[in-house]
1. Report the FRET efficiency, 1/(1 + (r/R0)^6), for Asp212 and Lys370, where r is their Cβ-Cβ distance and R0 is 60 Å, rounded to 0.05.
2. Report the FRET efficiency, 1/(1 + (r/R0)^6), for Ser234 and Ile103, where r is their Cβ-Cβ distance and R0 is 56 Å, rounded to 0.05.
3. What does the net charge come to around Pro187 if you take all other residues with beta carbon closer than 11 Å to its beta carbon, with K and R at +1 and D and E at -1?
4. Can you find, among Gly362, Ala259, Ala288, the residue farthest towards the positive end of the dipole of the range 235-410? Put +1 on the C-beta of Lys and Arg, -1 on that of Asp and Glu.
5. Quick one: Karplus J couplings for the range 97-106, per residue in order, coefficients 6.51, -1.76, 1.60, θ = phi - 60°, nearest Hz, x for Gly and Pro?
6. Could you give each residue of the range 195-201 its phi-based ³J(HN,Hα) in whole Hz, using Karplus coefficients 6.51, -1.76, 1.60 with θ = phi - 60°, and x for Gly or Pro?
7. At a 10 angstrom cut-off on C-beta neighbours, averaged per residue, how do the peptides 180-191, 150-161 rank from highest to lowest?
8. Once you charge only the Cβ atoms, +1 for Lys and Arg and -1 for Asp and Glu, what is the size of the charge dipole of the chain about its Cα centre, to the nearest 20 debye?
Amino acid sequence: MPPRIPKTLRIHGLDFKVWHLGDGSYSFDFKDGGRRRVVNRKDFDKLRKEAERIALAIVNADTAAMDMSAGERRIYIAARDALAPAGITVDAAAGIVAEAAGILGSPHELIAAARYYLARNPRRTVAPPTAQIVAELIAHLTDKGRSAKYLVALRRDMSSFATAHPKLDGLDEQAIAGYLRALKAGPRRRDNVRDAIVTLCRFARSRHYLPDDQRTAAEKIERINPGVEVETWSPHELALLIEHVSDRWRPWLAIGAFAGLRTSEIFRLEWRAVKWEQRVISVSSKVAKKVRVSRIVPMSDNLLAWLAPWRDAVGPIYPNRETHRIGPAWTTLEHHHGDEIRRLAKLTGIRWSENALRHSFGSYRLALVKNIAQVAMEMGNSPEKVREHYHDPKSEDEAKAYFSVQPPEAGANILPLPLEFR
């Protein structure tokens, strides 16, 4: 018969209740400070030896406590009570202080270090789940009037990121880089997702979910930056496009091609911003939401000619552009815009390129004025951006031909001179 196993081991005056578990092993528990610990052993004799070791340690500790003087006991009790609200035991606190003092070089620097940290992190709050931060970011950008197209793309990309990384705080550079590498996408797409993660992390930092005084892990990851593919329309291609575009969308195409405004800016523009007598378009910071800087864009002769049928128009060039939410108004406008682009590409046989209107303006305009700073100001970009993106070499003759694309009744042989600010 197997040996009889006592239900309780009594060792050095201490009782340990023993359980015979279903897998044949033996177990007892005991209280270690404020925590309950469990001991498991396959062999009962080994369990008894572990109980003897623990009992001896407990008895020795109690004996040491009994040997304390009244002053020592008073100090211990005061230390225990001071640490209790923080949930730290006296022995754990001793280890923390010793380690921190070793780092700082002196225990007297601990309070100063804590105050310095608090000053640099004044309102650090517990970060909610990544999905909640994404929702807060989308709401914030919606209120700031970012385009529906941008918000839809941001929500799509960051929802996937939130699923992969439900907690943003503590996320390191390696984890984000691994997420980007796992994307089945080209370099530009990866850079776009990386930029979206940077936007999310910066927003989280502004809400004090991440440390205020540190670069986020996403910001430390360099962009692959494969370079911008500068695609431009030739004068002949542009003439075909503007000739076959529907009347409703002709102002958009003309302003994009001959003034270089972004499509999102044109959608926010009102006819009162077109200063016919001054021959300029006034782009306010409210319209130029991407850069938040107002600018004046000169109007070429052919742009004036293309827009002439709308000289007496009032109100927004494209209605409903003030509905800054992912709702029917914006969705309908952009949906019809996409339909027109597809119709235009099919009708002309010209493959559509998303930024070719703006790239064409920047490249041909630079060939005429030969002044990067001026073109940067007109386009609402930095000179570095113009130098990198729009310095697609064009001859002056090509540029003159481009800005000579006129409505049929206006004559196609007018060669405008370079516009200068006076």
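Values in this text are rule-based calculations from the coordinates and carry no lab data. From a predicted model like this one, the values you see are computed outputs, not experimental measurements. A quick note on method: Cβ atoms are made from the backbone with ideal geometry, for glycine too, and the neighbour counts reach across all protein chains shown.
1. On the way: r = 45 Å, r/R0 = 0.75.
Between Asp212 and Lys370 the formula returns 0.85.
2. Working: r = 66 Å, r/R0 = 1.18.
Step by step, r from the Cβ atoms, then E = 0.25.
3. On the way: positive: Arg188, Arg189, Arg190, Arg194, Arg223; negative: Asp191.
Around Pro187, the charge tally is +4.
4. Ala288
5. 5, 5, 5, 5, 5, x, 5, 7, x, 7
6. 5, 5, 5, 4, 4, 5, 5
7. On the way: 180-191: 13.0, 150-161: 16.9.
Final packing ranking: 150-161, 180-191.
8. Details: 66 positive and 51 negative charges, 210 e Å.
About 1000 debye.
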